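Right, one structure below, let's go through it.
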Number of protein chains: 2
Amino acid sequence: MVATTEFATIKKDVLDKISPNTQEKNKLQNTAELLKNNVEKTAHNMKLNGVTAKLVGSAARNTWISGTHDLDIFIMFPLTTTREELKQWGLGIAKKIAENSEYFEERYAEHPYINMKYNGFDVDIVPCFKVQSASDIRSAVDRTPFHNEYIKTNIKGLENEVLVLKQFMKGIKVYGSELKNMGFSGYLTELLVIHYGSFENIIKSACKWEPGKYIDIKSHGNVIHEEPLIVIDPTDPKRNVAAALSLDKFCIFISKCRQFIEKPDLDFFFPQFINSVIDIKKTKEYLISRKTVFLAIVFEKPDLVDDILYPQLYKMQHSVNLLLKNYDFEVINSKCWSGKETGLLLELISDNLPVLKKHHGPPVWVCDHAEDFRKKYENMPDTFSFYIENGIYIAEIPRQYSNVYNLIKEKITTCALGKNISISVKKGFRLYKNMDIFNIYDSDLTDLLKVWPDKL
Amino acid sequence: MVATTEFATIKKDVLDKISPNTQEKNKLQNTAELLKNNVEKTAHNMKLNGVTAKLVGSAARNTWISGTHDLDIFIMFPLTTTREELKQWGLGIAKKIAENSEYFEERYAEHPYINMKYNGFDVDIVPCFKVQSASDIRSAVDRTPFHNEYIKTNIKGLENEVLVLKQFMKGIKVYGSELKNMGFSGYLTELLVIHYGSFENIIKSACKWEPGKYIDIKSHGNVIHEEPLIVIDPTDPKRNVAAALSLDKFCIFISKCRQFIEKPDLDFFFPQFINSVIDIKKTKEYLISRKTVFLAIVFEKPDLVDDILYPQLYKMQHSVNLLLKNYDFEVINSKCWSGKETGLLLELISDNLPVLKKHHGPPVWVCDHAEDFRKKYENMPDTFSFYIENGIYIAEIPRQYSNVYNLIKEKITTCALGKNISISVKKGFRLYKNMDIFNIYDSDLTDLLKVWPDKL
């Protein structure tokens, strides 16, 4: 077990690297104030009454890491506003603000919002309803101001613990609750700190976590959850804040906590990315040496944000794995990716199987079923052979697909691929076999291959 | 359901072909009498008192098929004889008789006996003890005279039913209880006829047989048996006459009875052997078209009778299948054979596998086991990769054998091969891959390949 002083030293070293300095803090504070004032002034000029602006997220709670320049400004409309008005007026205000930005675009969650680059910051300007309590929300974003209030009230004095925990999670690649990552969200890390009181306590406790781990700070949870980690939202007794966390990210966190306790090291927080120094030639040699079969399915990327695209990619990965398994092709690893190109990469034991397969019938003594089976297969023209083995009728019948490429070509569109990927795949796709995958020039794919199939 | 007249017609046709005629019967009768007299005279000349000769087996019960010229002459010694005397005197008498034979040899069951070719007959002369009841037997052969008496007393009038049943079983290849075949014995067919009363009744009943089918004519069975068919010996309540019958021969009989009832045909009794007309070129083309991998292991045949050799071959087949399965090579069919050459033929999905395999560890949250696993594999120099998948630690470790030939070369002698085959294989063996198996010039193997993997 690691000594307390060793923990303290490492925490100090981490904080030295990631705490924003006064200048950085002031710049963020001033920019946020300016934007809030601009929002309220613009609303006033548009003759909208009761509209206020609020800074939410880590910037508002002093739990942001130096160098991450994200600002979330919420435009809060009174409840008398209709959904249509909120959309129209909210975008109107946001676009007015964005006129002074370096770049901006409209984005979509449940409602449209504006994302812009402004004074070196990545700013989201999000319209929402100013509801009385978190149980009255009209849209998912309405919840955020409540989270903000809860954390601001309870995190005081523990901000550095959040910073250290976030950096640890970034280092071990479990931070970020976007649907691409399915890791820990910022709000979740803050709640863990409030619950456990310190970074050390979280690390020590997580070593013994099991799926179904249940944390309910306000002891008000009133719904059964099935996810690996359940952290009940202090502002909503029905909601699991960790609902998006995948089993594997949960387990990686547990595993890394144990390793950190065993041998604390700054590397957990700031891993050395060896990826970039592994050259492609070595990667290729290594992949060939595995004596497996590689297969990439590449298709046109649907025009979607990652939070819509990745669930479809994961769905495709799952369905294609299942398809291959159903036709006896053993997939040992698979990954989807989306960079310059978008696709699914599969690693198989083999791309070819015998042209026949043994179809096991009922035991001979199960009279009616056995007779049905015998009559169906014994003299079927394409039955290779018909015999009894261990008391069971066996018909050797033609295998529908003895080659995996034909299987994919003919059957992939029958898989559950997700709406947009399905459309894209139906338009066409390319198949790459074995080391031809290196002809797909995409550094995101190359990064996957450099640590294939994965590295803890 | 088949009409009674149709059954009767077929039975008549079969009997016309297989019933011995008067001349054949007389010749058998005369030869048997001559040999019995010679045995008793020779014993008398050797001053052995109380030694009698007895004709047993199908020849004695009128249940033999025309053309099968087997005679079993038992030399019955009084109980005052010792084992050593029985062996010495028995062989002495038998060899004296054999002096007039065309050819003879000493064979071994529990005791030695003489087999000879005599006047066109295949004669066994077997010494045994003349015990009072079947429960007092000193050696397995002592039981035979009791079987003989039981059948002779009970089969009267049913001999033709036995002939038809035996021919049916020969035609569908389930007749013969030698350990190579593991089918129905002559005595077993006779007991079935006594129990069911007719060939028709057996066929009809067998359609509904299930493993564990229990027949006890004298209702005196007193032991639990696990075999697929249990027919309690009327002369020994502990013994299952069908103990040597394999599950597959039992099931083939059931299946063929159903097919016969559905469409009675003389072909069941006298199948047309199409084997000999399939040419080797076509066989080879067919085997190649299966896109599987063939592999023959050929070794020097141990000098053993079939009843000792075949159990060892089957044991080898089972062990080698298990060895390959344990190393992830999927065997889809296998057969052993012994003709000019002796060996095991295997058909596989593939002869090569990736050089690595996924070794599944415990779930990450099973704390102590998970840590042991991680510490053992994560940094092992030959671990390909270490990661978490579905909450479980995965270590990609080198596969010990990625090539099946190396596996067999290095590991076959660790298999349970049976005493004599083990010695033979340790001396050396040859491996034949794919169509090289046709370089093993052995018509027994070719016959196997012509109907590969099997035909009901």
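The values are calculated or read from the model by the stated rules, or taken from the named source; none is laboratory data. No experiment lies behind these values; they were computed from the predicted model shown. Please note: Cβ atoms are built from the backbone with ideal geometry, for glycine as well, and neighbour counts cover all protein chains shown. Keep in mind that these areas ignore ligands, DNA and RNA; they rest on the heavy atoms of the full protein, side chains included. Shrake-Rupley method; radii C 1.70, N 1.55, O 1.52, S 1.80 Å.
Scan region A:337-392 for residues that are open to solvent by less than 30 Å² (accessible area, probe 1.4 Å) and among the β-branched types (Val, Ile, Thr) and report the count.
4
Considering region B:325-339 alone, what residues qualify as being among the polar types (S, T, N, Q) and within 9 Å of chain A (Cβ to nearest Cβ)?
B:333
Suppose we filter A:436, A:442 for residues that are modelled with pLDDT under 95 and either within 27 Å of residue A:348 (Cβ to Cβ) or more than 14 Å from every other protein chain (Cβ to nearest Cβ) (or both); which single one remains?
It is A:442.
Test each condition in (1) within 20 Å of residue B:318 (Cα to Cα); (2) away from chain A (no Cβ under 14 Å); (3) surrounded by 13 or more Cβ atoms within 10 Å (Cβ to Cβ) for residue B:453 and report the one that comes out false.
Condition (2) is where residue B:453 drops out.
Can you pull out every residue in region B:250-266 that is open to solvent by 40 Å² or more (accessible area, probe 1.4 Å) and within 14 Å of another protein chain (Cβ to nearest Cβ)?
Those that are open to solvent by 40 Å² or more (accessible area, probe 1.4 Å) and within 14 Å of another protein chain (Cβ to nearest Cβ): B:262, B:263.
Mind counting the residues in region A:279-300 that are surrounded by fewer than 17 Cβ atoms within 10 Å (Cβ to Cβ) and not in a helix (DSSP H, G or I)?
3
Do you know which of the residues in region A:301-333 that are among the hydrophobic types (A, V, I, L, M, F, W, C) and modelled with pLDDT under 95 is least open to solvent (accessible area, probe 1.4 Å)?
A:304
Could you say which residue among A:228, A:211 is buried (at least 21 other Cβ atoms within 10 Å of the Cβ), in contact with a Pro (Cβ under 6 Å, 6 or more places away or on another chain) and under 22 Å from residue A:256 (Cα atoms)?
Within the list A:228, A:211, the selection yields A:228.
Can you tell me how many residues within region B:224-251 are more than 21 Å from residue B:141 (Cβ to Cβ), of a type in the set (A, V, I, L, M) and in a loop (DSSP other than H, G, I, E, B)?
So the count comes out to 1.
Does residue A:406 qualify as being out of contact with any helix residue (DSSP H, G or I) (no Cβ under 9 Å at 6 or more places or on another chain) and either surrounded by fewer than 19 Cβ atoms within 10 Å (Cβ to Cβ) or β-branched (Val, Ile, Thr) (or both)?
Yes.
Determine whether region A:93-103 contains at least one residue that is closer than 27 Å to residue A:220 by Cβ and either open to solvent by 70 Å² or more (accessible area, probe 1.4 Å) or in a loop (DSSP other than H, G, I, E, B) (or both).
Checking region A:93-103: not a single residue is closer than 27 Å to residue A:220 by Cβ and either open to solvent by 70 Å² or more (accessible area, probe 1.4 Å) or in a loop (DSSP other than H, G, I, E, B) (or both).
Going through region B:276-303 one residue at a time, which ones are under 29 Å from residue B:427 (Cα atoms) and in contact with a helix residue (DSSP H, G or I) (Cβ under 6 Å, 6 or more places away or on another chain)?
B:294, B:296, B:299, B:300, B:302
Within region B:285-293, is there a residue that is basic (Lys, Arg) and either facing another protein chain (nearest Cβ under 9 Å) or in contact with an Asp or Glu (Cβ under 7 Å, 6 or more places away or on another chain) (or both)?
Within region B:285-293, one or more residues are basic (Lys, Arg) and either facing another protein chain (nearest Cβ under 9 Å) or in contact with an Asp or Glu (Cβ under 7 Å, 6 or more places away or on another chain) (or both).
Does residue A:41 satisfy the criteria of being open to solvent by 50 Å² or more (accessible area, probe 1.4 Å), part of a helix (DSSP H, G or I) and not hydrophobic (A, V, I, L, M, F, W, C)?
So residue A:41 fits the description; yes.
Filter region B:200-223 for residues that are part of a loop (DSSP other than H, G, I, E, B) and more than 12 Å from chain A (Cβ to nearest Cβ) and give the result.
If the condition is that a residue be part of a loop (DSSP other than H, G, I, E, B) and more than 12 Å from chain A (Cβ to nearest Cβ), then B:216, B:217, B:218, B:219, B:220, B:221, B:222, B:223 are the ones that fit.
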